[in-house]
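The next block holds one structure in the form of structure tokens; read it before the comments.
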Amino acid sequence: MQTERAELNSQQGSSDKVYHLQLENVDDRWTVRAQWGRRGSALQSDVKASGVPYQEAKRVYDRILREKTSKGLSNLSGERKW
């Protein structure tokens, strides 16, 4: 069980969007955070799961990552684990 991060992007025409996803351990509970928006602008953010067991947070993280990549966002720097 480890922290994971994914940095996704989509460039179509003049649109240049980013999506950041983090799976983080906070006091032995897990949180999934997301930030998204136009590259270079202030990003919107949301907590997708908070204070849940690892297995539940990992399911949420994997589902969101799968949804975003199926919608055309590509992994900018590869999925990274710390």
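A few points about this structure:
- Within segment 2-22, residues that are within 12 Å of Ser74 (Cβ to Cβ) have Cβ atoms under 9 Å from residues that are among the acidic types (Asp, Glu) and not in a strand (DSSP E or B) in these pairs: Ala6/Glu79; Glu7/Glu79, counting only partners at least 6 apart in sequence or on another chain.
- Residues satisfying the stated conditions in segment 1-18, i.e. closer than 11 Å to Arg38 by Cβ and of a type in the set (Ser, Thr, Tyr): Ser10, Ser14, Ser15
Bear in mind these aren't lab numbers, they're just calculated from the coordinates by the rules spelled out. No experiment lies behind these values; they were computed from the predicted model shown. A quick note on method: Cβ atoms are made from the backbone with ideal geometry, for glycine too, and the neighbour counts reach across all protein chains shown.
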